[in-house]
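Scroll down for the structure; my scribbles are underneath it.
The values are calculated or read from the model by the stated rules, or taken from the named source; none is laboratory data. Small disclaimer: the values here were computed from a predicted structure and weren't measured. Methodologically, a virtual Cβ is constructed for each residue, glycine included, from the backbone with ideal geometry; neighbour enumeration extends over all protein chains shown. Side chains are part of the model used for accessible areas, which takes the heavy atoms of the whole protein and leaves out ligands, DNA and RNA. Shrake-Rupley method; radii C 1.70, N 1.55, O 1.52, S 1.80 Å.
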Amino acid sequence: MADNMITRRQLLKHSASLAALTALPAGALADAAAVIRRPIPSSGETIPVIGMGTSRTFDAGADPETVARLRHVMQIFFAGGGSVIDSSPMYGEAEARVGDVLRTLSPRPEVFSATKVWIEGREAGIEQMQLSAQRMAVEHFDLIAVHNLVDWKTQLATLKQWREEGKVRYIGITTSHGRFHSELLDIMRREPLDFVQFTYNIGNLTAEDELLPLAADRGIATMINRPYQRGSLFQRTSGHALPEVATDLGCKSWGQFFLKYIIGHPAVTSLIPATSKPHHMEDNMAANVGAVPDADQRAEMLRAFRALPA
């Protein structure tokens, strides 16, 4: 085992700290029947719509206190009905910290494991993906995507072969920051992808123009990153009360409001807000159940958001 991976025994030695951190909040357990799930078009398998991202938030040290805190975050995620965890070797130590936590959980919860390949060259890509599996403590990933189109032809060829051989279940391509949309659209039209990942939120609707419609037409699942636009959406809503439509949807925070808006788009399969704070994860998972806004409600949500001072 790599030196930077913490063992379950080492973590449990810090029992006082751990006990304080791992008490789940009241009402954290989600009713499985109430969890919002969406089908992956290429298979029909359904996954919970709210997943967990790890960019920045899980790029943290391997000390027991840090791992205990991240363990608490992931416990809330699983208790809230979550299963999709997305990471990348680009995210520093994020994969390793996810793996550290998963090794401590017994019984191990159901995980839909997703990562990315972010390197040039066939052999380098294979080596990176194998290392990612070791770091994240998974035998085979459910989903591996080419990260930000880096050497995508080479890496996608390997992923197609791995999918045929049963080494990965789903394959895809990702972008972030709203970049590379033209190239991504071209790839979506030509390649047999299971997933695409890109940025979409109430403050950035670019994906509605072509990406989301094309994904629906081509039967490609969508994984949405930056649902809070790296937190900038909250700057606009700070100090403002939620609109009436939020109450109708059961939203108790602006965070839930933003997530529900995304969920309301029928071409969205999963979204992956990232946090390392237990109370933020609890808030995220509250959007994983209950009402899904219809087209009229989404229009009202957008109108209310745009009416706020910029």
For a quick check of your reading of the model, give me the residue pairs whose first member lies in region 223-234 and is in contact (Cβ under 8 Å) with a residue 12 or more places away in the chain, whose second is among the charged types (D, E, K, R), with beta-carbon atoms closer than 7 Å and at least 6 apart or on different chains.
Met223/Asp86
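Is it true that some residue in region 247-256 is of a type outside the set (Lys, Arg), crowded, with 17+ Cβ neighbours inside 10 Å, closer than 18 Å to Val49 by Cβ and within 17 Å of the chain's Cα centre (by Cα)? Full working, then the answer.
Of region 247-256, the ones of a type outside the set (Lys, Arg) are 247-251, 253-256.
Then drop every residue that is not crowded, with 17+ Cβ neighbours inside 10 Å, which leaves 249, 251, 253-256.
The next check asks that each one be closer than 18 Å to Val49 by Cβ; those that pass are 249, 251, 253, 255-256.
With the extra rule that they be within 17 Å of the chain's Cα centre (by Cα), the set shrinks to 255-256.
The answer is yes, given that some residue of region 247-256 is of a type outside the set (Lys, Arg), crowded, with 17+ Cβ neighbours inside 10 Å, closer than 18 Å to Val49 by Cβ and within 17 Å of the chain's Cα centre (by Cα).
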Criterion first (touching a residue at least 24 places away in the same chain (Cβ under 8 Å), open to solvent by 10 Å² or more (accessible area, probe 1.4 Å) and among the acidic types (Asp, Glu)) does Glu244 satisfy it?
no
One residue is enough: does region 278-286 have a residue meeting the conditions open to solvent by 20 Å² or more (accessible area, probe 1.4 Å), over 24 Å from Val98 (Cβ atoms) and modelled with pLDDT of 95 or more?
no
If I ask for residues that are within 20 Å of the chain's Cα centre (by Cα), surrounded by 13 or more Cβ atoms within 10 Å (Cβ to Cβ) and either among the β-branched types (Val, Ile, Thr) or not in a helix (DSSP H, G or I) (or both), which ones from region 106-136 would you list?
Pro109, Val111, Phe112, Ser113, Ala114, Thr115, Lys116, Val117, Trp118
Which condition number does Asp217 fail, the rest of (1) surrounded by 17 or more Cβ atoms within 10 Å (Cβ to Cβ); (2) closer than 17 Å to Pro41 by Cβ being met?
(1)
If a residue must be open to solvent by 30 Å² or more (accessible area, probe 1.4 Å) and either of a type outside the set (Gly, Ala, Ser) or over 19 Å from the mean Cα position of the chain (by Cα) (or both), how many such residues does region 179-204 contain?
10
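Can you tell me which of Glu164, Glu139 is without any contact (Cβ under 8 Å) to a residue 12 or more places away in the chain, part of a loop (DSSP other than H, G, I, E, B) and either buried (at least 21 other Cβ atoms within 10 Å of the Cβ) or not hydroxyl-bearing (Ser, Thr, Tyr) (or both)?
Numbers: Glu164 fails: part of a loop (DSSP other than H, G, I, E, B).
Just one listed residue meets the conditions, Glu139.
Residue-wise test of (1) open to solvent by less than 30 Å² (accessible area, probe 1.4 Å); (2) modelled with pLDDT of 95 or more; (3) in contact with a Ser or Thr (Cβ under 6 Å, 6 or more places away or on another chain).
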{"site": "Met1", "(1), (2), (3)": "no, no, no"}
{"site": "Ile6", "(1), (2), (3)": "yes, no, no"}
{"site": "Gln10", "(1), (2), (3)": "no, no, no"}
{"site": "Leu18", "(1), (2), (3)": "yes, no, no"}
{"site": "Ala28", "(1), (2), (3)": "yes, no, no"}
{"site": "Ala32", "(1), (2), (3)": "no, no, no"}
{"site": "Glu45", "(1), (2), (3)": "no, yes, no"}
{"site": "Phe58", "(1), (2), (3)": "yes, yes, no"}
{"site": "Ser83", "(1), (2), (3)": "yes, yes, no"}
Looking at (1) buried (at least 16 other Cβ atoms within 10 Å of the Cβ); (2) modelled with pLDDT under 95; (3) assigned to a loop (DSSP other than H, G, I, E, B), can you tell me which one Gly239 breaks?
(1)
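Can you tell me which residue in region 60-81 is surrounded by the most Cβ atoms within 10 Å (Cβ to Cβ), limited to those that are among the aliphatic types (A, V, I, L, M) and assigned to a loop (DSSP other than H, G, I, E, B)? Step through it out loud before you land on a result.
The first filter runs over region 60-81 and keeps only residues among the aliphatic types (A, V, I, L, M), leaving 60, 62, 67-68, 70, 73-74, 76, 79.
Filter once more, so that each one left must be assigned to a loop (DSSP other than H, G, I, E, B): 60, 62.
Working: Ala60: 19, Ala62: 16.
Checking each candidate, the answer is Ala60.
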Working carefully through the options Ile262, Ile224, find the one that is open to solvent by less than 30 Å² (accessible area, probe 1.4 Å), part of a helix (DSSP H, G or I) and over 12 Å from Ala304 (Cβ atoms).
Ile262
Looking for something free of Cβ contacts under 8 Å to residues at least 60 places away in the same chain and under 16 Å from Gly53 (Cα atoms) - is there at least one such residue anywhere in region 280-289?
yes
